[in-house]
Amino acid sequence: MGAAALEEGTRTEVRDLHPEVQGASGGGSRVRAFFGLPVPEAQRAALAAFLTACASAAPQFRWTPAANLHLTIRFIGNVDRALVEAVADRLGARPLIAFDLELGSLGTFGRGRHVRVVWQGLQGGAEVVVALAAQVDAECAAAGLLGEKRPFQAHLTLARVRARDGAELPPLPNPPQLAPWRATELVLFASRLSRAGAVYEPLRALKLD
């Protein structure tokens, strides 16, 4: 399945999940926003023990809580909520096709031995995720939101280094073999920082058919 599956046509169902986040004035509230694909509960539960083992093996990294696992499609940043909701509305005017995903091997971002991010790639569904990301990016650009200069690479972020300059990554346990799953929603998330870490709150869910 490729970009042709994302051509314009019938309208996609869009659900507003947290209208109470909007300011009392009816507008002007800001959110730290991104579009992402949620990881189903069964896969998150299977990864939880793996992440706990990784946190013991590599405490110099902040490991993502299983509840927060997702595939980022487009990070936007701190913007007016109305602006990103307008992007979601335009995406909802397009047919968004459901597809299968399957996690693959581990990888890292960084320079040499100085690792900054640990991630898990896709061995199934990467091509259609790239096509979806291009469509989301185009709508963001139409709204005046600047995109990443680096090419998009579909991945599941597992950990970020604590030190500013990166750190050497010790050997990690092998990730569990997970069953593929059907991606049925593209979600607009708000990321809220707290002392316990980031909390991802879904604002809009765009159904993938």
| What list of ³J(HN,Hα) values in whole Hz, one per residue of the range 145-160 in order, does the Karplus curve 6.51 cos²θ - 1.76 cosθ + 1.60 (θ = phi - 60°) give from phi, with Gly and Pro shown as x? | 8, 5, x, 6, 7, 6, x, 5, 10, 5, 6, 10, 6, 9, 7, 10
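Over all directions, how big on average is the projection of the convex hull of the alpha-carbon atoms in the range 137-200, in square nanometres?
Values: hull surface 31.5 nm².
Computing the convex hull of the Cα atoms and averaging its projections yields 7.9 nm².
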| task | Rounded to whole Hz and in sequence order, give me ³J(HN,Hα) for the range 81-87 from the Karplus expression 6.51 cos²θ - 1.76 cosθ + 1.60, θ = phi - 60°, writing x for Gly and Pro. | result | 4, 4, 5, 6, 5, 5, 4
| task | Return, for the Cα atoms of the range 50-142, the radius of gyration and Dmax in Å, separated by a comma. | result | 16.4, 46
| said: With 10 angstrom as the radius, rank 73, 97 by how many other C-beta atoms surround their C-beta, starting from the fewest. | reply: 97, 73
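What is the Cα radius of gyration of the range 3-207 over 2.2 N^0.38 Å, N being its residue count? Please report the intermediate quantities before stating the final value.
Numbers: Rg = 17.4 Å, N = 205, 2.2 N^0.38 = 16.6 Å.
Computed over Cα atoms of the range 3-207, the ratio equals 1.05.
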| For 80, 137, what's the fewest-to-most ordering of other Cβ within 10 Å of each Cβ? | 80, 137
| field | Phi-based couplings in Hz for the range 37-47 (Karplus 6.51, -1.76, 1.60; Gly and Pro marked x) | value | 9, x, 9, x, 4, 4, 6, 5, 5, 5, 7
| field | Other-chain or far-sequence residues with amide H under 5 Å of residue 204's (modelled H) | value | 17, 188
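Within the set of other residues whose C-beta is less than 15 Å from the C-beta of residue 66, count the net charge using Lys and Arg as +1 and Asp and Glu as -1.
Numbers: positive: 44, 62; negative: 41.
Counting the neighbours of residue 66, the net charge comes to +1.
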| For residue 103, residues with placed amide H under 5 Å, excluding near neighbours | 123
| remark: So, relative contact order of the chain in percent, Cα under 8 Å, 6 or more apart, is 34
| How large is the helix-only mean residue ellipticity at 222 nm for the chain, computed as the sum of -39500 (n - 2.57) over DSSP H runs with n ≥ 4, divided by its residue count, in deg cm²/dmol to the nearest 500? | -7000 deg cm²/dmol
| field | Amide proton proximity set for residue 33, modelled H, under 5 Å, gap of 5+ | value | 76, 77, 78, 79, 191
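Give the value in nm², to one decimal: projected area of the alpha carbon convex hull of the range 98-209, averaged over all directions. Walk me through the intermediate numbers first.
Details: hull surface 36.2 nm².
Taking a quarter of the hull surface, the average projection is 9.0 nm².
None of the figures in this text is laboratory data; all of them are computed from the coordinates on show. Keep in mind it's a predicted model, so treat the numbers as computed, not measured. When we count neighbours, we look across all protein chains shown, and the Cβ atoms used for this are built from the backbone with ideal geometry, even at glycine.
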